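This report refers to the structure that appears directly beneath it.
The values are calculated or read from the model by the stated rules, or taken from the named source; none is laboratory data. The shown structure was predicted, so the numbers you read here are calculated from the model rather than taken from an experiment. Cβ placement follows ideal geometry from the backbone for every residue including glycine, while neighbour counts extend to all protein chains displayed. Note: areas computed on protein heavy atoms with side chains; ligands, DNA, RNA excluded. Shrake-Rupley method; radii C 1.70, N 1.55, O 1.52, S 1.80 Å.
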Amino acid sequence: MTEILCRTKDLKITFPHRLGDFTAVHGFDMEVRRGEIVGLIGESGAGKSTIGNAIMGLLSHPGKVSGGRIDLEGENLIDLSDAAMARLRGRRIGMIFQDPMTSLNPLMTVGDQLAESIALLRDLPMSEARKMAADRLDGVGIPDAASRMGQYPHEFSGGMRQRVVIALAMAGDPDLLIADEPTTALDVSVQKQVLDLIRSICVERSLGVILVTHDMGVIAETADRVYVMRHGKLVETGPTAQVIHTPTEQYTQDLIAAIPSIERREDRFRNPAQKTGEIDQWLLQGHKDESSGDYVTASALTKDFATRKKSFWGKAGTFRAVDIPGLSIKRGEVLGLVGESGSGKSTLGRMMTGLVLPTSGNVRYDDHGPLADVRSRARRKALRRDVQVVFQDPYSSLNGRMRVDHILAEPIRFHGLAARSDIPRLVGALLERVGLPAAAGRKFPHQFSGGQRQRICIARALSVRPRFLLCDEPTSALDVSIQADMLALLMELRRSLGLTMLFVSHDLAVVRQVSDRVAVMKQGKIVECREAEALYDSPENDYTRMLLATAPRATGH
Amino acid sequence: MYFLLARLLQATVVMLCVALVGFLVFQFVGDPVLSLVGQETSVEDREALRESLGLNDPILVQYARYVVNALQGDFGISYSFNRDVSEMIADRLPATIELVMLSGVLSLILAIPAGIYTGIRRKGGVAQTIMALSVIGVSIPSFLLGILLILVFSVWLNWLPSFGRGDVVTVLGVRSSLFTWDGLSHALMPAAVLCLFQLGVILRLIRAEMLEVLRTDYIRFAWARGLPGQRIYFRHALKNTLVPVVTAIGLQLSSLFAFSIITERVFQWPGMGSLLLHAIGQSDIPLLAAYLIFVGLVFTISNLVVDAVYVLIDPRIRHGAH
């Protein structure tokens, strides 16, 4: 067994606050050896990133290490001066961050940034540093590296940028690499390539890697050993396979159980409806006996976005974001729409709800006729009452200056759906319907967690008694355990209220749990659209097969 | 390149609009013939004068003539001085330019380091003091500051002259008072007054932008890469603060050109500001219209320069990325 490269012992990290100190990490022990990838997993607030930042000596103000030690090959990093710590960064310890879009200075060429690091960390003259920088870019798999040196970060794709970030972090050949959610912002197919790259660098240079992530699938495919954290404490540790397949602690078991499987549709996301109280009767009011045909049909739908002109006299080009012959959703059906970023899935979802107007083609609603005919104020109002949206980010989709009960009451009042005196009672009932206490209405959005906010967003969508719900990545910003609750809630509401849903997501496993039918999008086109079970079990299209194959699986293979 | 060409085109349109306003001013102040001739001039003579001045031409033709003349530097004759307006502006402009240059350079030299410093050490005593002083700088009226300076440095200490522009010499074909000690001593106080306000604004802007940029991921990543602080602050952070800062500096400098009236008045500085005051007092329409166009030109040019600087700073604008 090789010697231990980095070890934390009884590490304690505190954020002093005038209302009492907040301890983010209490007494954490961890060991990293050369040539191994150690996974650090936990939900948001578990303190996993804080540990990475502490090892790096980059805790955000006012956090500080208040106890224990961090040893790097026998030297306690906590005793080091700021200047000595600064000398370690880049040379002994490297770090990569989550978002490759924002980790690079947008105003400097990639080559300059890399050469800068190399010249500085290795005391080389700039000319040699540039040569070496080109080699390094080549080494992380950037094609045509020498000519791409002169390009700026915005000219690289997400995956390529993360490769550049890795090259930068490795510029001083550190012994330890801390990767903080290195693939969370990337598409699955790219995610796999980046993880493979980290893996190969780790082996080639016998580098110790700490992989911080919330994603059990990433850990399962990459890490040798794993540390599970919760509320700043270590829950469980061991070899990855052992922790995933035979977890001993309840929390780990729950965490793993909460991960939706891409292999099968699980029953716990569709437990039978429990309560159909008075509020459900209200929610179902005003809906005529409905036919069983298609609720919404798109035909020959395209959407072009203008691109910049190439020259002064040239004409602006167009980029075809969506181009589909047709797509329909039956009444009461959940259609899943999956694809990687830039595939046009969100644009298509928005066109199906009338939020974005198509360039050509038509969207037709069974109850309202063609979207193009919905011109008058009254008809538009009626359509918007029936069609509602739940967005991805529950932090930015609620008005932070409005109380929650006002947020929910506003649409009811606007559409005149209840007498003024009934509204407070209805708002309370709506909140309870989505699993929040009725008294929650007196608070402001920032007083809630992400999951609770998403419940508020759902309640807001329900408050106008909609028939059709567009869910645009509704669980992507949430922790897995909360994600599972959210999916169960959506499925239960859908069954009780007979909602028609378009569920847009990049997460194939999540889509499998909720959808009756699934459409796979690639570069604005639908490559495959079939019954969910059939599509997942025997994909017909190569691209669908590739997506399914590259998706990380928490259970291993 | 496309970006700059488009901006140049826009600037031309803006200037044509400004010229239109300048031209329309004449249309609203009554018949120019009446003010040119005496009471006993006959109707026929008036008509002949009108014809010879081109006042019977369609309004668009008159406008085009005005623009063509303006392009050749001909803005007509000042009513009150009976001199060529462009000549008068040419007389006064250098004085204003040197005042603006001096105060602009002073404020940049002070604002950039102070802005960076207060952005990095925002809790320190020095930074807090600088911030408090900058509030005073922004809020104190320039006439009051001017009078105070005169009181202290001219009346009490007798170090600096209290009014006027000093000796003017020509160096390398540029006539300016800044090349002599006497001239510099005259310019120092008015420049300081103009500088102080801008200093406060630019400093606070740089500080706010620094705070913003220092929180970004690429700065955190730069620390993690092991770059030294100096390099991070000056090379990575400062450049990223520049786009809004350059915008503000451009607007500030152009408003100095146009509206340093009060300061020029307090120090009896023979620049554009005192010329404008005179023109307003005398209802000197040709002078006012020319001044209007001049101010428009200054703002347009400074905006063009700002746009060009954007392109130099930010490659995303160059490549038309979002």
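Being on the phi > 0 side of the Ramachandran plot and more than 13 Å from chain B (Cβ to nearest Cβ), is that true of even one residue in the range A:137-154?
Narrowing the range A:137-154 to residues on the phi > 0 side of the Ramachandran plot: A:141, A:144.
So of that shortlist, the ones also more than 13 Å from chain B (Cβ to nearest Cβ) come out as A:141, A:144.
Yes, there is a match, as at least one residue in the range A:137-154 is on the phi > 0 side of the Ramachandran plot and more than 13 Å from chain B (Cβ to nearest Cβ).
For the criterion of being more than 13 Å from chain B (Cβ to nearest Cβ) and part of a helix (DSSP H, G or I), A:VAL194 passes.
So which of B:ILE130, B:ILE109, B:ILE150 is open to solvent by 50 Å² or more (accessible area, probe 1.4 Å), β-branched (Val, Ile, Thr), at pLDDT 85 or above and part of a helix (DSSP H, G or I)?
Working: B:ILE130 fails: open to solvent by 50 Å² or more (accessible area, probe 1.4 Å); B:ILE150 fails: open to solvent by 50 Å² or more (accessible area, probe 1.4 Å).
Residue meeting the stated conditions: B:ILE109.
Just to be sure before I move on: is B:ALA70 in contact with a Pro (Cβ under 6 Å, 6 or more places away or on another chain), surrounded by 13 or more Cβ atoms within 10 Å (Cβ to Cβ) and among the hydrophobic types (A, V, I, L, M, F, W, C) in the structure I sent?
Values: in contact with a Pro (Cβ under 6 Å, 6 or more places away or on another chain): no; surrounded by 13 or more Cβ atoms within 10 Å (Cβ to Cβ): yes; among the hydrophobic types (A, V, I, L, M, F, W, C): yes.
Spelling it out, it is not the case that B:ALA70 is in contact with a Pro (Cβ under 6 Å, 6 or more places away or on another chain), surrounded by 13 or more Cβ atoms within 10 Å (Cβ to Cβ) and among the hydrophobic types (A, V, I, L, M, F, W, C).
Among the residues of the range A:192-236, those that are touching a residue at least 40 places away in the same chain (Cβ under 8 Å), open to solvent by 20 Å² or more (accessible area, probe 1.4 Å) and of a type in the set (Gly, Ala, Ser) comprise A:SER206, A:ALA220.
Hand me the list of helices (runs of 4 or more DSSP H) wholly inside the range B:219-306 holding 3 or more residues that are modelled with pLDDT under 90, surrounded by fewer than 22 Cβ atoms within 10 Å (Cβ to Cβ) and within 14 Å of chain A (Cβ to nearest Cβ).
Values: elements: B:238-259, B:261-266, B:272-281.
Passing ranges, in order: B:238-259.
For B:THR96, indicate whether it is under 30 Å from B:GLY271 (Cβ atoms) and open to solvent by less than 50 Å² (accessible area, probe 1.4 Å). In short, yes. Residues of the range A:51-93 that are closer than 12 Å to A:ILE13 by Cβ, open to solvent by less than 30 Å² (accessible area, probe 1.4 Å) and within 14 Å of chain B (Cβ to nearest Cβ): A:GLY52, A:ASN53, A:ALA54, A:ILE55, A:GLY63.
Of the residues making up the range A:15-42, just one is surrounded by fewer than 20 Cβ atoms within 10 Å (Cβ to Cβ) and touching a helix residue (DSSP H, G or I) at 6+ places or on another chain (Cβ under 7 Å), namely A:GLY35.
Taking the criterion of being in a helix (DSSP H, G or I), free of Cβ contacts under 8 Å to residues at least 60 places away in the same chain, away from chain B (no Cβ under 14 Å) and open to solvent by less than 20 Å² (accessible area, probe 1.4 Å), the only residue of the range A:155-191 that qualifies is A:GLY159. From the set of residues in the range A:526-552 that are surrounded by fewer than 16 Cβ atoms within 10 Å (Cβ to Cβ) and charged (D, E, K, R), which is farthest from A:SER189 (Cα to Cα)? Filtering first and then ranking leaves A:GLU531. Candidates in the range B:204-218 are the residues that are under 35 Å from the mean Cα position of the chain (by Cα) and within 14 Å of another protein chain (Cβ to nearest Cβ); of these, the one that is surrounded by the fewest Cβ atoms within 10 Å (Cβ to Cβ) is B:ARG215. Within the range A:212-249, the set of residues being part of a helix (DSSP H, G or I) and more than 17 Å from A:GLY47 (Cβ to Cβ) comprises A:MET216, A:GLY217, A:VAL218, A:ALA220, A:GLU221, A:THR222, A:THR240, A:ALA241, A:GLN242, A:VAL243, A:ILE244, A:HIS245.
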